[in-house]
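A.B. asks: One structure coming up, written as structure tokens, with questions to follow.
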Amino acid sequence: MFCQNCGKKIEGGDLFCPFCGAKQQQVNPSENGGASFTAGSQKLTRKGLGIAVICVLIVIVLALVLIGSLCTGGPKQVVKEYYQAIEKCDAKKLLDTVPKDYLKEVMDEKDLTKRELLKEVQAYLDKYYSGYDDIKVSITDQEKLDRDDFSDYFDFDLEEDADLEIKMTILQTERLLLRPLAPTDFAAFRTFAADGELTKYMLFYPLEQEAELHTFLQNAVQAWNSLFPQTYEFAVLRKAELLGTVTLEYMTPEQGMLGWLFRADAHGKGYATEAAKAVVEWCREKLPYRTLVACCDARNAASERVMQRIGMHFSETGSRIYPQTGETAEERTYIMTL
């Protein structure tokens, strides 16, 4: 069985992907040629779902949101203890890194006792994380966010007296600032992501409907929050103004794919090249990829020039099919070694 979101192999019957956290659709045997989906009782099913949810939430809270005074020892110590707990498959230590009030709220919502939670999280760790022999973590390239930004990234609010420090990846170049794309970028992102003429050579654009745009931004945030992100969507800003985006996407454990989209009035000024180079350098330092590829419609000469300017070289010519129109076009692929 494979995840319907990230495509990674998972166990049959899993309700949530352990890699990206995406909910898996249950298969009806009568609708899928005899395939079956087996689950326990209604109560166990609800609790099993709760375990998957809390494991994903633990990743969200601790992998991106670095908890300050809610936990002793400071945010770096909390993250270190969290990853050590995963490495050792120690459910008790993992749960000790989560604020007690937050843990209680999740247990109440999912109808779990502490003992049940501990047992099920231990089973979850043994099943999915027993293969990790060494996890190395560094906390760099981060900048503190304003407290008001918290609700833009997570679907719950902080108490007025909560003391929580929020950090995120920030890349800076001579002219630009790159940070994770966020729901607050909706209006600015829409001006170019929904432009049919501007995106005519983009495979999965335009995003013309508001619902499509909201879903895209929510998925971007969810990807950044996951333990092993499949996609990094960077917002590219100049003087706090959104000019475009650069995307780094998982292809294989050793290869990623780059892409970019910029406003029409930002073309011809070197912004795409400058931003893409920054992401390449970040990838070289932070991620395990050995190569990066980029693809474009053969008619998109501007995008092809960006690939050449950031150090990529031509690899092959193929074809692409635009999903919204069914059109087939020539595609050019470039590659670089990191």
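No lab work stands behind these numbers, since they all come straight from the coordinates. This is a predicted model, so every value here is computed, not measured.
A.B. asks: With the cut-off at 20 Å, tell me which of the pairs Lys88/Lys127; Lys93/Lys114; Lys100/Lys127; Lys239/Lys269; Lys92/Lys119; Lys127/Lys286 have Cα atoms farther apart than that.
C.D. replies: Among Lys88/Lys127; Lys93/Lys114; Lys100/Lys127; Lys239/Lys269; Lys92/Lys119; Lys127/Lys286, the Cα-Cα distance tops 20 Å for Lys100/Lys127; Lys127/Lys286.
A.B. asks: Kindly write out, for the range 108-117 in residue order, the coupling ³J(HN,Hα) from the Karplus curve 6.51 cos²θ - 1.76 cosθ + 1.60 (θ = phi - 60°), rounded to whole Hz, with x marking Gly and Pro.
C.D. replies: Coupling constants for the range 108-117: 5, 5, 9, 6, 10, 7, 4, 5, 4, 4 Hz.
A.B. asks: Please quote Rg/Rh for the range 170-337 to two decimal places, taking the Kirkwood radius as Rh and restricting both calculations to Cα atoms.
C.D. replies: 0.93
A.B. asks: Between Lys286 and Ala329, what length in nm is gained on full extension when 0.36 nm per residue of separation is reduced by their alpha carbon distance?
C.D. replies: 12.0 nm
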